[in-house]
Amino acid sequence: MRPTSRRQIRAVCAMASLLLALAARPAAAERLVSSLSNHIVQITSNFTGVELTLFGTVENGQAAALHNRYDIVATVTGPRESMVVLHKERIFGIWMNAQSRTFVDVPAFLEVLSTRPFASFADAEMLRRERIGIADTPLPQQLGPRVTDASPDDPFRQSFVRIKQERHLYGETTNGVTFLTPTLYRATIFVPAEAPVGTYDVDIKLFAGGAVIARTNSAFEIVTVGFERFIASAAVDHGLAYGVVTAMMAVMTGWLASVIFRRD
Amino acid sequence: MEIYLPIADLPVNVFLLLGMGLAVGFISGMFGIGGGFLMTPLLIFIGISPAVSVATVSTHIAASSFSGAVAYWRRRAIDIALALMLLAGGIVGTVAGVLLFTALRQLGHLDIVISLSYLLLLGSVGAMMVAEGLRAILRARQGKPVELRRPGSHTWIHGLPLKIRFKQSKIYVSAIPVCAIGFIMGFIGAIMGIGGGFLLVPMLIYFLRVPTNVVIGTSMVLTLITMASATILHAATNHLVDAVLALILMVGGVTGAQFGARAGQKMRSERLRLLLGILVLAVGLRFAFDLIVTPNELYTIRTVGEGP
């Protein structure tokens, strides 16, 4: 073999090992693995809300966990819907809805769970960029022809969030994620009965040293099944037939009562 | 035991609903009315949206007025011709009411219109009934004979054209006020979720002089058909009728009505009228209270497009 070709082979080998080393570096970094206790929640006639368990591990994190503190933020976002916020004012002595704002495609459900209060593991700029917490989640409003996110101290936005929180549809739980071992974490997500059907995305971010170093996501679905689903879909898809059947049910009930309680 | 209501979209205790059905049914049986003016506000107060409450109660009233109508039919205490003439106006009124209901809902003013209608209608009718009831009781105390209100045999209503003879009621009146009364009942029934028995019976007696033996049966036929049509129209246009909620309410309602009817027979009629007046007035005042007192929460949120 000629010396030049041997040099070329050596160069190729060096490049290959460098590439391998580069490729191996992300593999050595932390990776998030996560799963949910169930992926489909069925609404039946006695549905009063559901608790799901989110669990997972930080892969390749064993060594780093000793000197790095890990923080997990899990954001559960429900199906998007447009909502109207109405504000009552006293007009001619009676309280009636006077002003309204429309929130466009905002999450029907939003729950943010974390290991610690957000400010203790990331600065405000990082939280804003990563959209951590309700205050940093955009809730766009229709303002004239434009759709923009109002400032966090906008009274309509504040009231919207407050009412959603009272109904347990929005929430922040800053001790909701716990590390069972330095790398194994779990969290409990509570979805109340009022939460609408649809797909719920779970976005999980791993914070270390004030920045996001890994992320993953999961999802679950809330569906109505059986009789409830039949009723709800029939009412919307076949309104007229549904109405006729309901009216007949009323007449039948009335007739049955008159037969059962007949006194002559 | 909580049950999930598919259209109202929230879980409610079944026994609470059955209890409400029984209580309202008892009162409706006692006074010979449908009880919608009590049931709709009760549903609103337990957190069901006014729109779903109004639409669903119409189904409940259809059931209770049917069982009542069957009983009166057996006794031949229904004037079919008069009922049909009332229905001619009643159906048109129901359609108009549901159309206005849909339009108001799209504009976002439905709740305030429902509240104001309850306040104005129940407040004024209730006050009149209480005053009338108190006068009747005072007269009875003073030993005077109970005055049968049958004012002069001819009023302006009897001067109207298109006169028709209703054989069973033994009256000869114009079709215009009959249709008008039917229209009014259908219209307010569709908007407020009431059968309107407490209004319709006095109207038929005072304006048309329908004799008391057929008035309740005939009014129940009108209520049955207008409320059944309101159910179908609300379901077809606004998808607001909750069949599960309606079924629980009507089972409680028709049962309660049987016991109420027995209790009502033991009471003196002027006392019954006074009690009913107080009840009507109280519901009206409750709406006034909610409209006038500063609410705890000035903001409300609702989904755009679908649902209540």
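The values are calculated or read from the model by the stated rules, or taken from the named source; none is laboratory data. Since the model is a prediction, treat every value here as computed from it, not as a measurement. Glycine gets a Cβ as well: all are built from the backbone with ideal geometry, and neighbour counts include every protein chain shown. When the accessible area is computed, the model is the full protein with side chains, heavy atoms only, and any ligands, DNA or RNA have been set aside. Shrake-Rupley method; radii C 1.70, N 1.55, O 1.52, S 1.80 Å.
Counting only alpha carbon atoms, the long axis of helix B:80-107 and the longest principal axis of chain B meet at about 30°.
Among A:102-112, B:99-109, B:186-196, how do they line up from the highest to the lowest mean number of other beta-carbon atoms within 10 Å?
Details: A:102-112: 20.6, B:99-109: 15.1, B:186-196: 27.2.
Descending packing order for the listed peptides: B:186-196, A:102-112, B:99-109.
In this assembly, the A-B interface accounts for approximately 4600 Å² of buried accessible surface in total, computed with a 1.4 Å probe and without ligands, DNA or RNA. Each residue, B:ARG271 and A:MET252, gets one label point 7 Å from its Cα in the Cβ direction; the gap between the two is 4.1 nm.
Heavy-atom accessible surface of chain B, averaged per residue, reaches 42 Å², computed with a 1.4 Å probe.
Inside 10 Å of the C-beta atoms of B:231-243, what's the mean count of C-beta atoms belonging to other chains? Walk me through the intermediate numbers first.
Working: counts 9, 10, 4, 3, 13, 7, 3, 2, 9, 2, 6, 4, 9.
Per residue, the number of nearby Cβ atoms from other chains is 6 on average.
For the residues of A:84-91, the average number of beta carbons from a partner chain within 10 Å of their own beta carbon is 4.
Figure the gain on full extension for B:THR212 and B:GLN142 (residue separation times 0.36 nm, minus the Cα-Cα span) and round it to one decimal in nm.
Working: separation 70, 0.36 × 70 = 25.20 nm, distance 2.55 nm.
Here the answer is 22.7 nm.
If you scale each eigenvalue of the Cα gyration tensor by 5 and take the root, what three semi-axes come out for the range B:252-301, rounded to whole angstrom and sorted largest first? Could the numbers behind the result be given before it?
On the way: eigenvalues 229, 53, 5 Å².
Computed over the range B:252-301, the values are 34, 16, 5 Å.
Could you work out the percent of alpha carbon pairs in the range B:1-88 separated by over 15 Å, rounded to a whole number?
On the way: 2491 of 3828 pairs.
Every Cα pair in the range B:1-88 considered, those over 15 Å come to 65 percent.
Report the residues of the range B:234-257 in range of a label on A:ILE260: point 7 Å along Cα→C-beta, backbone N strictly under 14 Å from it. Answer for this model: B:247-257. Partner shielding of B:64-72 amounts to 5, given as the average count of beta-carbon atoms from other chains within 10 Å of each residue beta-carbon. Evaluated on chain B, the Kirkwood hydrodynamic radius is 19.9 Å, with distances taken between all distinct Cα atoms.
When chain A is treated as a Gaussian network with alpha carbon springs shorter than 10 Å, the biggest mean-square fluctuation among A:ARG229, A:ARG157, A:ARG186 belongs to A:ARG229.
Taken about its Cα centre, chain A carries a charge dipole of roughly 1020 debye when the Cβ of each Lys and Arg holds +1 and the Cβ of each Asp and Glu holds -1. Taking all protein chains into account, the per residue accessible area for the range A:32-224 stands at 46 Å² (1.4 Å probe).
With the simple model of a label 7 Å out from the Cα in the direction of the Cβ, A:ASP105 to A:LEU143 spans 1.9 nm. The Cα atoms of chain A cover 116, 48, 39 Å along the three principal axes, with the biggest extent listed first.
Note on the protein assembly as shown: with neighbouring protein chains present and a 1.4 Å probe, carbon and sulfur make up 63 percent of its accessible heavy-atom surface.
For B:LYS167, a cut-off of 14 angstrom between C-alpha atoms picks up these aspartates and glutamates, skipping any fewer than 8 places away in its own chain: B:ASP79. Taking all protein chains as shown and a probe of 1.4 angstrom, B:MET203 keeps an accessible surface of around 40 Å². Taking 17 Å as the cut-off, the amide N atoms of the range B:84-103 that come nearer than this to a point 7 Å along the Cα-to-beta-carbon line of B:TRP73 belong to B:84-85, B:87. Stokes-Einstein diffusion for the protein assembly as shown at 4 °C, viscosity 1.567 mPa s, with a Kirkwood radius from C-alpha pairs, works out to 47 µm²/s.
With a 10 Å cut-off between alpha carbons and a GNM built on chain B, which of B:THR255, B:THR223, B:THR59 moves the most? Looking only at B:THR255, B:THR223, B:THR59, the biggest GNM fluctuation is shown by B:THR255.
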